[in-house]
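These notes concern the structure reproduced below.
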């Protein structure tokens, strides 16, 4: 592809949409085309995203597939369940990266159970670091971008399951996320007075919609069914995910074995960093970067592997990963417009 490939962003008024706009503006091979929103249509982009003054004078348009189709690639950063209707109005060969859940699941029953309504179909799952995924994304025109929790948990556990170092029938993950993971809706439980100074679990007991997505990805890596107990936690911060995932060790597995599996899977990956021995991930170190930080240990007392992962839910958990996938689809350098470095403090 030539430099200056035009991309459209639907759902541009949300947090993930705003992050997409920021990344596209700094991308050497992409040019921003149509930007669309629903409730914010007609507003100036800079009034919705004051961190993007370069887009002052750019007006958010209604979400019209005909207008979006003027671009060479479309990013859909829409609420779950809304992408399929837009995709139906786009040309069949137009590349699309969907940040929603509409095309992630292969099992229609899982979609019906967790999301409700009709299953729209299944696209290539855009987690390039999984075995075989990069080639599949490169060959695709339609890519389902993974969820933020799913990225954190899957990358933590997939190499261990693939190597047979842990069992797959008793996987547990507790993951804390910043409030931007819930989107930009005006909700009482997300207001600063409700969130600051407090940490709380939500959608516990198998109710979170990312569970079938994570189980699907981990089962693919393990080559057998994986069962996940997942508890999400709302943390008093705008961004970031810290996931602590555990699974029963197979006989004789040591911390060195676990670390070796992660290093073998990720040492050549630009956006996954296995931390040095003794260093544990923190969300602050990943903010602004398209990177996952990992550390692992064997808990010999309980007989479980413990993997901690951290990422920025709006970058590697959403917009950055979408740009990474778009780079592959368009034949660009996978790292173009992205950095693994975080912003601190």
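Worth a mention:
- Where residue 305 falls short, out of the listed (1) part of a loop (DSSP other than H, G, I, E, B); (2) over 22 Å from the mean Cα position of the chain (by Cα): (1)
- Where residue 268 falls short, out of the listed (1) surrounded by fewer than 16 Cβ atoms within 10 Å (Cβ to Cβ); (2) under 28 Å from residue 15 (Cα atoms); (3) out of contact with any strand residue (DSSP E or B) (no Cβ under 8 Å at 6 or more places or on another chain); (4) free of Cβ contacts under 8 Å to residues at least 60 places away in the same chain: (2)
- A single entry from 136, 156 fulfils the requirement of being on the phi < 0 side of the Ramachandran plot and either in a loop (DSSP other than H, G, I, E, B) or surrounded by 24 or more Cβ atoms within 10 Å (Cβ to Cβ) (or both): 156.
- Residue 207 being under 23 Å from residue 125 (Cα atoms) and modelled with pLDDT under 95: yes
- Residue 290, sole failed condition from (1) assigned to a helix (DSSP H, G or I); (2) buried (at least 19 other Cβ atoms within 10 Å of the Cβ); (3) assigned by TED's automatic domain parsing to the domain that holds residue 160: (1)
- Residue that is nearest to residue 174 (Cα to Cα), among those in the range 114-133 that are in contact with a strand residue (DSSP E or B) (Cβ under 9 Å, 6 or more places away or on another chain) and not in a loop (DSSP other than H, G, I, E, B): 125
- Filter pass, residue 106 being in contact (Cβ under 8 Å) with a residue 40 or more places away in the chain, at negative phi and buried (at least 24 other Cβ atoms within 10 Å of the Cβ): no
- Residue match in the range 302-310 (condition: farther than 29 Å from residue 207 by Cα, in contact with a strand residue (DSSP E or B) (Cβ under 8 Å, 6 or more places away or on another chain) and at pLDDT 95 or above): no
The values are calculated or read from the model by the stated rules, or taken from the named source; none is laboratory data. Everything quoted here is computed from the prediction, not taken from an experiment. Using ideal geometry, Cβ is built from the backbone for each residue, glycine included, and neighbour counts are taken over all protein chains shown.
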